[in-house]
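Asker: Please read through the structure below; I'll follow up with questions.
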Amino acid sequence: MDNSDRNRKIKICKAGPYRVTGDVPLLEKIIVPKGNGYVYEEGRQLPQSGQYLLCRCGRSKNAPFCDGAHIKTGFIGEETASREKFEDRADLLKGPGIDLMDDHRCALARFCHREKGTVWDLLKHSDQEDLRQEVIQGATECPAGRLVPRDRQGNVLEPQYKPAVTVLQDPENGVSGGIFVQGGIPVESADGSLYETCNRVVLCRCGRSINKPFCDAMHIAVKFTDKKPRNI
Ligand code: FES
C-alpha cells in the first residue's frame, strides 16, 4: 500500500463539498440507451489532481467542482442515510440459477433494464446460462450498488472495480446524475464515522436527495443539470 492508497478517501464536509484525496481518477460517463438497455459512453476529460473538492450542493457554476456556492446558498446537506450494513438492509431474492441481494437504493441509472427484460424478470429464468449472465451483468453495471448477485454458497459474483470517481450524465432524461464511486473508496461522514465500504455506490450531487449522502434519483425529479445550476 503506497501513500496515495492510505490517503484515499472521500470526506463529507459539514454543509459543504466532498473532499476527495489519494490521487483518485476523476472521470465523466454518459448513460446512453442501446436497444432495450443502456451503456456508458465516455464524457469530458476532467482535470486530474491528487485531491479535489466536488460540489455536493448542486449550485456550483464550476461543476463538478465546488466553487463556494454552498456558503451563499446556506446549504445544510444533513446526512440522513441508514448506517445499517448492506447485508442487513437488503432483501434476498432467490432465482433458480442465482440469488440477488436488493437494498432498493436506486439512482435510476437503468442498467437493470436489459435487452430481454429487467434483472428481476431474468432472475426467474436464471437457470438458463445466458440469462444468468445477464442478471450478473445488469446487477454489477448498476452504479448504485443496489443489486449484488450471489451464488448458492453466498459468494458475491462481481468484479472488484478499480478506485475511481465518476460524475454521471443522463441526457435521455435531460439531467446530470450523481457521483459514481467505485472500488471501495472509504466515505467518511462529516461526524468522522465511516460508511460501509462499497465496490459501487452513487453519492448525491444535486443536493436534494432525502437519503444523503447517497443518490436517490432526486436529480431527475428536480431536473438537476450541472451545466445550468439554479441561480443563487
Ligand atoms: S458544495 Fe460547494 S459549491 Fe456546491
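Just so it is clear, none of the values below were taken in a lab; they were calculated from the coordinates. The model shown is predicted, which means the values in this text are computed figures rather than measured ones. Using ideal geometry, Cβ is built from the backbone for each residue, glycine included, and neighbour counts are taken over all protein chains shown.
Asker: How big is the range 62-212 by the Kirkwood estimate over distinct Cα pairs, in Å?
Answerer: Taking the inverse mean of 1/r over all distinct Cα pairs, the range 62-212 comes out at 16.8 Å.
Asker: At a temperature of 10 °C and a viscosity of 1.306 mPa s, determine how fast the range 92-148 diffuses translationally according to Stokes-Einstein, using the Kirkwood radius over alpha-carbon pairs as Rh; express D in µm²/s, rounded to the nearest whole number.
Answerer: Result for D is 146 µm²/s.
Asker: Taking Cα pairs under 8 Å and at least six residues apart, what relative contact order does the chain come out at, in percent?
Answerer: The value is 22 percent.
Asker: If you don't mind, another one. For the range 92-148, what does the relative contact order come out to in percent, with C-alpha contacts under 8 Å and a separation of six or more?
Answerer: 42 percent
Asker: What's the Cα-based Rg to Rh of the range 42-123, Rh via Kirkwood?
Answerer: Looking at the range 42-123, the ratio lands at 1.12.
Asker: On to the next question. Between helix 129-141 and the chain, what is the angle of the helix's C-alpha long axis to the longest principal axis, kept within 0 to 90° and rounded to the nearest 10?
Answerer: 10 degrees
Asker: Residues with beta-carbon under 11 Å from that of Arg105, excluding Arg105: net charge, scoring Lys, Arg +1 and Asp, Glu -1?
Answerer: In short, 0.
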